[in-house]
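Every read-out reported here was derived from the displayed coordinates using simple, explicitly stated rules and does not represent laboratory data. As the structure is a prediction and not an experimental result, all values here were calculated from the model. Here the Cβ positions follow ideal geometry from the backbone for every residue, glycine too, while neighbour counts run over all protein chains shown.
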Amino acid sequence: MSRIQRRFAALKAEGRAGLVTFVTAGDPDLATAEALLARLPAAGADIIEWGMPFSDPMADGPAIQAAGLRALQAGTKLPAILAAVARFRKTDAETPIVLMGYYNPVFRYGVDRFCTDAVAAGVDGIIIVDLPPEESDELTPQARAAGLDFIRLTAPTSDDVRLPRVLASASGFIYHVAIAGITGTRSAEPADVATAIARLKRHTDLPVAVGFGIKTPDQAAAIARVADAAVVGSAIVDTIARHLDADGHAKPGLVDAVVAQVSALAAGVRAARKV
């Protein structure tokens with residue numbers, strides 16, 4: 001079993017959903033991002049999505065766009081991101097790491113090289129936002145051959161005709177985008193999410209994680225009652241942004257503030273299914 005499979009199996013055995021946290025690699029600088037990465041598991045993050053910064057993040061809202069720009073301005077590139085994951089693996093062999101981003105940086109790095117180097121560093125899966133099923137042969141076969149889970153995105157607009165095609169090459173888990181639009185905007189209604197998950201479960205046995213618009217422990221708990229995991233990204237990135245000085249550098253306490261936030265989110269998720 002892969003790390004992702006083991007983690008979801010453990011969550012199922014515990015009778016609870018998981019918390020997936022997203023932060024941008026290199027935001028506001030790689031050292032701070034690494035310090036945060038190291039502390040997220042103990043804070044309650046069951047799976048960590050690390051964003052690969054890109055200059056044209058078309059699916060992301062202002063918060064994650066700004067985080068990506070800060071990371072790029074700090075000089076963050078794929079080799080440094082992979083090296084940071086390798087350092088993380090020296091102290092944490094169990095927490096799944098998923099790289100999330102856009103195809104262009106992977107293409108420029110070299111698809112075969114990226115897949116090989118990512119697995120060697122300890123990456124477990126990838127989410128490529130702008131690579132639809134019709135073009136997935138650009139990356140999916142190489143990723144799966146190397147041992148990377150290829151995590152697919154679904155949306156409220158993914159109907160029963162399209163879903164089989166979207167899910168055909170998926171592994172690890174499904175990331176269901178709860179709202180149509182960009183990250184960090186409105187939140188979905190739990191009832192709508194429950195309906196969407198029921199439809200997805202007719203097409204796949206993979207766990208379903210739900211994200212976009214989850215900001216508070218109560219919102220995370222509401223999603224955790226119906227999904228296999230709740231994904232929180234923009235709210236965490238907003239906390240990082242609030243703890244920067246006028247020059248965009250990390251203030252003392254940034255990592256502690258994010259850890260406290262993730263701990264509260266994790267508490268909400270872990271209590272969601274308790275009577």
- Message: Test of understanding: ordering Ser2, Ser171 by Cβ neighbours within 10 Å, fewest first, what list do you get?
- Response: Ser2, Ser171
- Find which of Tyr175, Phe114, Thr204 sits farthest along the positive direction of the dipole of the chain, computed with +1 on the beta-carbon of Lys and Arg, -1 on that of Asp and Glu, about the Cα centre. Thr204
- Message: Suppose only helical runs count, i.e. DSSP H with n ≥ 4. What mean residue ellipticity at 222 nm does that imply for the chain under -39500 (n - 2.57) per run, divided by all residues and rounded to the nearest 500 deg cm²/dmol?
- Response: -14000 deg cm²/dmol
- How large is Rg over Rh for the stretch 1-88, taking Rg from the Cα atoms and Rh as the Kirkwood inverse mean of 1/r across Cα pairs? 1.03
- Kindly work out what percent of the DSSP beta bridges joining two residues of the stretch 3-271 are antiparallel, to the nearest 5. 5 percent
- Note on the structure: Contour minus Cα-Cα span, Lys215 to Asp130, at 0.36 nm per residue, comes to 28.2 nm
- Average Cα contact separation per residue, the chain, under 8 Å, 6 or more apart, as relative contact order %: 23 percent
- When the dipole is taken about the Cα centre of the chain, and only Lys, Arg (+1) and Asp, Glu (-1) are charged at their Cβ, what size is it in debye, to the nearest 20? 780 debye
- Query: With no solvent and one point per C-alpha, what does the Debye sum give as log10 I(q)/I(0) for the stretch 3-271 at q = 0.10, 0.11, 0.12 Å⁻¹?
  - Reply: -0.44, -0.54, -0.66
- Query: Expressed in nm to one decimal, what extension gain is obtained for the pair Lys12 and Thr91 from 0.36 nm per residue of sequence separation less their Cα-Cα distance?
  - Reply: 26.0 nm
- Query: Quick one: which of 58-71, 238-251, 109-122 comes out on top by average Cβ neighbours within 10 Å, and what's the full order, highest first?
  - Reply: 58-71, 109-122, 238-251
- Query: Can you give the relative contact order of the stretch 77-221 as a percent, counting alpha carbon pairs under 8 Å and 6+ residues apart?
  - Reply: 18 percent
